[in-house]
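*Asks:* Dumping the structure here so I can ask a few things about it.
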Amino acid sequence: MSAPEKMNLQTFTQGLWKENPVFVMMLGLCPVLAVTNTAMNALAMGLATTFVLICSGFLVSLLRKVIPKQVRIASYIIIIATFVTMADYLIQAISLEVYQALGAFIQLIVVNCIILGRAEAYASKNGPLKAVVNATGMGLGFTFALLCLGVVREVLGGGTLFGMQVMPDRFQPWSIFVLPPGGFFVLAFWLMLFAAFEERKQKKGVTA
Amino acid sequence: MSDIAQDAMELPPQPSPFRLVGTLGGIAVLSGLLVVMTYQWTKPAIERNQREALERAVFSVLPGAVRSEPVEMTGQTVFAGFDEADRRIGFALESEARGYQDLVRILYGFDPDRQKIIGMTVLQSTETPGLGDKIIRDPAFHANFEALDVSREVEVVKSGAKTEAWQIDGISGATVSSQAVGQAIRRGAELRERVLAFYRGDQTNRTDQTNLTERGGQP
């Protein structure tokens, strides 16, 4: 990567839109498809991932001069696994219901490539403050993407939003949307929307 | 010497193995420390949550219960539920059976006087969302367990085909999951026998005690 840039708004917004981990980089799709059957699960998963992203980014950045290159991936994995275990306990302490709904996917945050990717590509090359700001942006971008899927799937698949009924009584829920295939459909739909949006923006840039 | 070995010689000097191991060890110690701290810190809250969840489950299968008390049976703990007047309503028993994807664990309320199940809740399941997971909330399915006769073998029938008190109306589209609940209840027969034996023994004791206090005279 190039010489360290100054921290600016880009550091934060990068993950929200331009390099959105899900819609643009297409990383960490496993939890995106698996736990977005309700908006609440999507939000909880997004926040848990954000917590791990921020903490591991901070610690990796602090230790970036201490960790020899040869063992860096092993070190990052230990650091990430530590914060995932902490997130696991914290979620159990906050709400058992959410914990049961997310199931194994909390532990699987360890292997979410967004986190390792950020540690390797960003936190290991930048100061702690920048790493935290960038990780926050990425985490929120990830949460946003999960919510995009979760909201659509819960409304169409169950007629509810955050557990509250939003569709009229006569609405027959499309169960397919809360089942795994629904995850693929809704993800495809959002990717299409994003791609179309980007394309239009680029065309405008050429003609202008 | 091979080319590969020569290439390796030209690379920047390797840090000593001690440094590598030391770094990893240091990070692991730090990690252990953080995990233990979080564990200690969240332990009371987690235990409280689990206790509350179990208590909620016990109260939900024993309508009217406001207090519960664990009773040790051989190999298993059941919960006795008491109402406001401290009368025993029944016992909450746990059971499990294989569902569509994984074990379905249920808790149900058992009234030994009438030999009936008076409530059921699913403690743990990974049934298909939208289909099998209806066993958790579907009101029509749960109505089966308001007064289910367990004096004889319980039977799961097709949705809407229930005619007898010992039959369970299944959920259409969730046959396997409904069957799992029925199976879990059938499997509890032996435990129910033991609870019944305990209950009868306890009741005779209790009547003796009441008689004693009555004879002793109350102010």
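The values are calculated or read from the model by the stated rules, or taken from the named source; none is laboratory data. The shown structure was predicted, so the numbers you read here are calculated from the model rather than taken from an experiment. Counting neighbours? That spans all protein chains shown, and the Cβs are built from the backbone with ideal geometry, glycine included.
*Asks:* Just to be sure, is residue B:176 at pLDDT 90 or above and either surrounded by 18 or more Cβ atoms within 10 Å (Cβ to Cβ) or assigned to a helix (DSSP H, G or I) (or both)? Can you show your working first?
*Replies:* Working: at pLDDT 90 or above: yes; either surrounded by 18 or more Cβ atoms within 10 Å (Cβ to Cβ) or assigned to a helix (DSSP H, G or I) (or both): yes.
In short, yes.
*Asks:* Okay, next question. Taking the conditions exactly as written (away from chain B (no Cβ under 11 Å) and surrounded by fewer than 21 Cβ atoms within 10 Å (Cβ to Cβ)), does residue A:62 satisfy them or not? Step through it out loud before you land on a result.
*Replies:* Details: away from chain B (no Cβ under 11 Å): no; surrounded by fewer than 21 Cβ atoms within 10 Å (Cβ to Cβ): yes.
Considered against the rule, which asks whether it is away from chain B (no Cβ under 11 Å) and surrounded by fewer than 21 Cβ atoms within 10 Å (Cβ to Cβ), residue A:62 comes out as no.
*Asks:* Tell me which residues, restricted to segment B:55-78, are in contact (Cβ under 8 Å) with a residue 24 or more places away in the chain and outside any loop (DSSP other than H, G, I, E, B).
*Replies:* Restricting attention to segment B:55-78, the residues satisfying the condition of being in contact (Cβ under 8 Å) with a residue 24 or more places away in the chain are B:57-58, B:60-65, B:68, B:71, B:73-74, B:76, B:78.
Across segment B:55-78, the qualifying residues are B:57, B:58, B:60, B:61, B:68, B:71, B:73, B:76, B:78.
*Asks:* Next question, about the same structure. Is there a residue being at pLDDT 85 or above and either touching a Cys at 6+ places or on another chain (Cβ under 8 Å) or within 14 Å of chain B (Cβ to nearest Cβ) (or both) anywhere in segment A:190-206?
*Replies:* Yes: segment A:190-206 contains one or more residues that are at pLDDT 85 or above and either touching a Cys at 6+ places or on another chain (Cβ under 8 Å) or within 14 Å of chain B (Cβ to nearest Cβ) (or both).
*Asks:* Take the residues in segment A:95-126 that are among the small types (Gly, Ala, Ser) and facing chain B (nearest Cβ under 9 Å), then tell me which one is nearest to residue A:29 (Cα to Cα). Please lay out each step first, then the result.
*Replies:* Initial filter on segment A:95-126 (among the small types (Gly, Ala, Ser)): A:95, A:101, A:103-104, A:117, A:119, A:121, A:123-124.
After this cut, where a residue has to be facing chain B (nearest Cβ under 9 Å) as well, the list is A:95, A:103.
Working: A:95: 25, A:103: 17 Å.
Per the stated criteria, the residue is A:103.
*Asks:* Only one of A:87, A:81, A:104 is of a type in the set (Gly, Ala, Ser) and over 30 Å from residue A:163 (Cα atoms). Can you tell me which? Before you say what the answer is, go through the steps one by one.
*Replies:* Details: A:87 fails: over 30 Å from residue A:163 (Cα atoms); A:104 fails: over 30 Å from residue A:163 (Cα atoms).
It is A:81.
*Asks:* Taking segment B:100-145 only, how many residues are in contact with a strand residue (DSSP E or B) (Cβ under 7 Å, 6 or more places away or on another chain), closer than 22 Å to residue B:66 by Cα and not in a loop (DSSP other than H, G, I, E, B)?
*Replies:* 15
*Asks:* If we scan segment A:79-94, do we find a residue that is aromatic (Phe, Trp, Tyr), at the interface with chain B (Cβ under 9 Å from one of its Cβ atoms) and surrounded by 15 or more Cβ atoms within 10 Å (Cβ to Cβ)?
*Replies:* Checked segment A:79-94: at least one residue is aromatic (Phe, Trp, Tyr), at the interface with chain B (Cβ under 9 Å from one of its Cβ atoms) and surrounded by 15 or more Cβ atoms within 10 Å (Cβ to Cβ).
*Asks:* Outside any loop (DSSP other than H, G, I, E, B), under 12 Å from the mean Cα position of the chain (by Cα) and surrounded by 24 or more Cβ atoms within 10 Å (Cβ to Cβ) - does that describe any residue in segment A:22-30? Walk me through it before giving the result.
*Replies:* So in segment A:22-30, the residues outside any loop (DSSP other than H, G, I, E, B) come out as A:29-30.
Checking the rest, the ones that are also under 12 Å from the mean Cα position of the chain (by Cα) come to A:29-30.
Cutting the leftovers down to surrounded by 24 or more Cβ atoms within 10 Å (Cβ to Cβ) gives us none.
Looking through segment A:22-30, none of the residues is outside any loop (DSSP other than H, G, I, E, B), under 12 Å from the mean Cα position of the chain (by Cα) and surrounded by 24 or more Cβ atoms within 10 Å (Cβ to Cβ).
*Asks:* If residue A:52 satisfies all but one of (1) outside any helix (DSSP H, G or I); (2) more than 12 Å from chain B (Cβ to nearest Cβ); (3) not polar (S, T, N, Q), what's the number of the condition it fails?
*Replies:* Result: residue A:52 fails condition (1) only.
*Asks:* Follow-up. Looking only at residues in segment B:110-128 that are aliphatic (A, V, I, L, M) and within 14 Å of another protein chain (Cβ to nearest Cβ), which one is surrounded by the fewest Cβ atoms within 10 Å (Cβ to Cβ)? Outline the logic, then answer.
*Replies:* Start the filter on segment B:110-128 by keeping residues that are aliphatic (A, V, I, L, M), which leaves B:117-118, B:120, B:122-123.
Cutting the leftovers down to within 14 Å of another protein chain (Cβ to nearest Cβ) gives us B:122-123.
Values: B:122: 22, B:123: 16.
Among those residues, the one meeting the criterion is B:123.
*Asks:* Now for a separate question. Can you pull out every residue in segment B:129-156 that is crowded, with 20+ Cβ neighbours inside 10 Å and either more than 14 Å from chain A (Cβ to nearest Cβ) or β-branched (Val, Ile, Thr) (or both)?
*Replies:* B:135, B:141, B:144, B:145, B:148, B:150, B:154, B:156
*Asks:* In segment A:65-75, which residue that is surrounded by fewer than 24 Cβ atoms within 10 Å (Cβ to Cβ) and part of a helix (DSSP H, G or I) is farthest from the other protein chains (Cβ to nearest Cβ)? I'd like the intermediate steps shown before the answer.
*Replies:* First, the residues of segment A:65-75 that are surrounded by fewer than 24 Cβ atoms within 10 Å (Cβ to Cβ): A:65-74.
Subset that is part of a helix (DSSP H, G or I): A:69-74.
On the way: A:69: 8, A:70: 6, A:71: 5, A:72: 9, A:73: 11, A:74: 6 Å.
Among those that are surrounded by fewer than 24 Cβ atoms within 10 Å (Cβ to Cβ) and part of a helix (DSSP H, G or I), it is A:73.
*Asks:* Further question: Quick test for you: out of A:117, A:139, A:157, pick the one residue that is part of a helix (DSSP H, G or I), of a type outside the set (D, E, K, R) and farther than 17 Å from residue A:14 by Cβ. Before the answer, list the steps.
*Replies:* Numbers: A:117 fails: farther than 17 Å from residue A:14 by Cβ; A:139 fails: farther than 17 Å from residue A:14 by Cβ.
The conditions single out A:157.
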